[in-house]
Amino acid sequence: MKKRKDFSNIIYGLDIETTTIELNEKKGSFMYSVCFGCLNLEDGKYNNLYLGRTYKDLDNYLFNLNETAVAEDKHYIIYIHNFNYEFSFFSNNSKFFKKYNKNDIKQNLFLKANKPLYVRCGNLEFRCSYLLLDKSIRGIGKDIGLEKLDFNYTKIRTPLTELEDKEIEYNYRDVEIMLKGVYRLYNLNEYIISANQIPYTKTGIMRFNCEQNPKVNVTNEYTNKYGETKKGKCMRLNKYLCGLEKAKSEKQLLFWETLFQGGLVYSNAKFIGDVLHNLASFDFASDYPFQMLTRYFPSEFEEYKGNNKVMLEKCLRGVTEKNLIYNKPLRTMFNAIVVLDNIKAKYEFTPIGTSKIEEIEPLRNMLNCKIINGKIHEINTPIKMYVTCIDMITLKLFYDFDLIDVEYLETASRYRKSNQFKINSILYLAKSKIEFKQYNELVENYNTHHIYTEKEISDDHYRNMVNAEKDYFSQMSVAHKMYLDVKSDLNALYGDNAQHLLHERFYYDDIEREWKSELETFEEYQNAQHKTSYIYGLYVPQYARASILYIAYKFITNGLNVYYIDTDSIKTDDTTLAHKLVKEFNKLQMLNLKGYEWTKFGQLEHEYTAIKFASLGTKSYMKLEYDKEKNPVVKATISGLPKATELYNKLFNYYEKNFDELIECCYHYGTVFDKSIANKLASKYNFFDFDIDIDGYKDRVCSGVVLEPVDVTMRDFASKTWYSYARLICMMYEKNFDIFCRKTIIKLDTKGELKVEHKTK
């Protein structure tokens, strides 16, 4: 019996095209073409294979391919970009999928409902290439010099529609780009030597590279308890240490799950809608790797058996902002469930959110609390909160509150820095990032094809990959890709740990046509081998929040405003004082690095100064800057609005480059981007049977994903939540409520020209 699957080095790809029609006020979708391609990993040669028009064609091809795989005693990988889209059609319409996919949780892996990572059917394994490559087909095509083609999606097509050559070419081109993108990843990677070793995700690539790299996963000698000298790789020790850091009970496990919190995203409500001038943005350099390299991580958490409240207060005695950046923040670190009352922010900066609150009495905005965009300004009723010691330090620095009770308290009995495997991974990738950046600049500045020597590029693999290319554009593309890959690996080091402790396993029931899930049991959690640690998953982002909160505290207590924070960047007034405080902070960070100063991790760098800046809340801000030619340009970051920068630059020109007028007219609660211009598609999973009768084509199918263009409304004032926030903002900061009573609709007219309509609500 084989221990693992033996995958063929011929990889396959497929892509489908679909039509959406309206039926009795319902929209349904069906497939009208499917194409297959293949690529040989050994020589990179790609071939178009087959174009089918019906689900029967799809099934015939898959059954035949599976028979071939069985005969060869091989397993074939079939890549599909955005696999969730295709799976919605295959799961209910394909006989091949229904025969071989038996809702076996161990046979498939879905990251969440409608999001498959892989699905195994017979000797075929379908994988999501988007999760591996982390780019759109258009983006991959741009990287490899193979353009994605244009297509008219408004035309209704059926399997009987005669496809034009350019339509067939469009279908095949997407598969070609996808497979050549996978090949490029495979070819440039130093350690992946066969299809068997290709990871499923971008994070998996980092993990694989570190495990295979002998400079990272070094072999050490050690003496066992019997006095025998043994050899073992440091990855093995990492697994052992991660196993020691598991939860000891189901109660503790569920408690830890509740404690998890990601990066800090914050927008100062006082300045919502205002145009701010000369705003400086400072960005952390490799913040998460800095935390993993420098901090002491608590472990061996045990429930405290004494007076919880007295112990917690003792732990926090004498706390100042410096505790936020100590390598070990407190003498005794803890996690707790606390009951608080009379919470009130000390400053116009409110970093604590409501995500870890358990309400004792219902919270009603403007009655017993003031909460804006999920951030606590004031709470005047007892609440229960799940906290780490970093949360409690934050509360103590930025809020006044009454500590009523501590219902649960666990303290750490052991503290340690990152183990050797993690440190080796961080340092190797940091060194490579610095070197590869220099190599990338060298190749880019050469401006012509060149064969590089060992003196010019000392890294053998990097040099060989660049020298293998036959023209300057290809050399520059490869050099840039390898630099981006090592940056990506460094950024992914933490992501490997950011997992739920208990895994929720999803599967699709094609009989009931609905998604179901099962939660991993505590026994399964205990028995599983873990390469990752709860300690890192929880405390790396906690420490990162602590670092950014320290500099925020220094800004605020020195009279500067904090306008916006986005995980690893902070925006404040561009003053001499701000730069001085950042410089002082960076000196403290360098002291913490202790011998690793060359990495320059954890430094705050001046990213830019915006001439003007405006925000409507988290994940929504606009800035005015000068480009290289000293022309004023708008840059926009707005969650849910694709191509926001492009759209707002069109509006900027529409208002004759008047930023203030642009903000006044088109950036406020109630701004609507009509679907004609928003470029946003909404996905709807409509699993229902319907009969098709279009131009002689008759069939009965089950609908898959329906993609529909939709409007995008910024901070929809019709929602009670945003209405409540708006009222509270006006009340607290004496703003005119009329600013939230407008409606602006931005769309294209019949001639395709920009049109802006203003209405009063």
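Numerical summary
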| item | result |
| --- | --- |
| In region 163-188, the residues that are in contact (Cβ under 8 Å) with a residue 40 or more places away in the chain and in a loop (DSSP other than H, G, I, E, B) | 163 |
| Residue list for region 119-158, restricted to those being open to solvent by less than 40 Å² (accessible area, probe 1.4 Å), charged (D, E, K, R) and in contact (Cβ under 8 Å) with a residue 40 or more places away in the chain | 125, 127, 157 |
| Of all residues in region 548-568 being open to solvent by less than 10 Å² (accessible area, probe 1.4 Å) and out of contact with any Leu (no Cβ under 7 Å at 6 or more places or on another chain), the one that is farthest from residue 244 (Cα to Cα) | 562 |
| Answer residue from region 222-235, given it is open to solvent by 20 Å² or more (accessible area, probe 1.4 Å) and in contact (Cβ under 8 Å) with a residue 12 or more places away in the chain and is farthest from residue 76 (Cα to Cα) among those | 231 |
| Total residues in region 684-723, condition buried (at least 16 other Cβ atoms within 10 Å of the Cβ) and of a type in the set (S, T, N, Q) | 3 |
| Every residue from region 436-467 that is hydroxyl-bearing (Ser, Thr, Tyr), touching a residue at least 24 places away in the same chain (Cβ under 8 Å) and surrounded by 16 or more Cβ atoms within 10 Å (Cβ to Cβ) | 439, 462 |
| Verdict on residue 303 being in contact with a Ser or Thr (Cβ under 7 Å, 6 or more places away or on another chain) and open to solvent by 40 Å² or more (accessible area, probe 1.4 Å) | no |
| Answer from 45, 27 - the residue that is under 35 Å from the mean Cα position of the chain (by Cα), modelled with pLDDT under 95 and open to solvent by 30 Å² or more (accessible area, probe 1.4 Å) | 27 |
| Selected residue (criterion: modelled with the lowest pLDDT) from residues of region 206-221 that are surrounded by fewer than 19 Cβ atoms within 10 Å (Cβ to Cβ) and out of contact with any strand residue (DSSP E or B) (no Cβ under 6 Å at 6 or more places or on another chain) | 220 |
| Residue 432 vs. criteria touching a residue at least 60 places away in the same chain (Cβ under 8 Å) and not basic (Lys, Arg) | no |
| Every pair of residues 6+ apart whose Cβ atoms lie under 6 Å, when the first sits in region 202-216 and is in a helix (DSSP H, G or I) while the second is among the acidic types (Asp, Glu) and open to solvent by 10 Å² or more (accessible area, probe 1.4 Å) | 202/134; 203/496; 206/489; 207/496 |
| Residue tally, condition surrounded by fewer than 16 Cβ atoms within 10 Å (Cβ to Cβ) and assigned to a helix (DSSP H, G or I), over region 240-255 | 6 |
| Some residue of region 703-720 being polar (S, T, N, Q) and either within 26 Å of residue 161 (Cβ to Cβ) or more than 33 Å from the chain's Cα centre (by Cα) (or both) | yes |
| Lone unmet requirement of (1) at pLDDT below 95; (2) among the hydrophobic types (A, V, I, L, M, F, W, C); (3) closer than 21 Å to residue 264 by Cβ for residue 604 | (1) |
| Odd one out for residue 743, checked against (1) more than 36 Å from the chain's Cα centre (by Cα); (2) within 28 Å of residue 654 (Cβ to Cβ) | (1) |
| Candidate set: region 534-546, residues that are under 15 Å from residue 252 (Cβ atoms) and open to solvent by less than 10 Å² (accessible area, probe 1.4 Å); chosen: the one nearest to the chain's Cα centre (by Cα) | 537 |
| Pairs, first closer than 21 Å to residue 710 by Cβ in region 727-755, second surrounded by 14 or more Cβ atoms within 10 Å (Cβ to Cβ) and at pLDDT below 85, C-beta under 9 Å, six or more apart | 743/717 |
| Total residues in region 53-66, condition open to solvent by less than 70 Å² (accessible area, probe 1.4 Å) and either farther than 22 Å from residue 158 by Cα or not in a helix (DSSP H, G or I) (or both) | 5 |
| Residue list for region 256-300, filter: in a helix (DSSP H, G or I) and open to solvent by 40 Å² or more (accessible area, probe 1.4 Å) | 257, 258, 270, 288 |
| Test: residue in region 70-83 that is on the phi < 0 side of the Ramachandran plot and either polar (S, T, N, Q) or modelled with pLDDT under 90 (or both) | no |
| So residue 110, is it over 25 Å from residue 146 (Cβ atoms) and part of a strand (DSSP E or B) | yes |
| Selected residue [assigned to a loop (DSSP other than H, G, I, E, B) and buried (at least 19 other Cβ atoms within 10 Å of the Cβ)] from 601, 613 | 601 |
| Total residues in region 570-593, condition over 26 Å from residue 292 (Cβ atoms) and in contact (Cβ under 8 Å) with a residue 12 or more places away in the chain | 7 |
| Within region 624-640, considering residues that are touching a residue at least 12 places away in the same chain (Cβ under 8 Å) and part of a loop (DSSP other than H, G, I, E, B), the one surrounded by the most Cβ atoms within 10 Å (Cβ to Cβ) | 640 |
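Conditions (1) of a type outside the set (Val, Ile, Thr); (2) open to solvent by 70 Å² or more (accessible area, probe 1.4 Å); (3) assigned to a strand (DSSP E or B), marked per residue:
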| position | (1), (2), (3) |
| --- | --- |
| 14 | yes, no, yes |
| 17 | yes, no, yes |
| 31 | yes, no, yes |
| 37 | yes, no, yes |
| 51 | yes, no, yes |
| 68 | no, no, no |
| 76 | yes, no, yes |
| 79 | yes, no, yes |
| 96 | yes, no, no |
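The values are calculated or read from the model by the stated rules, or taken from the named source; none is laboratory data. Since we're looking at a predicted model, the values are computed, not measured. When we count neighbours, we look across all protein chains shown, and the Cβ atoms used for this are built from the backbone with ideal geometry, even at glycine. Please note that ligands, DNA and RNA were not included when accessible areas were found on the heavy atoms of the full protein model with its side chains. Shrake-Rupley method; radii C 1.70, N 1.55, O 1.52, S 1.80 Å.
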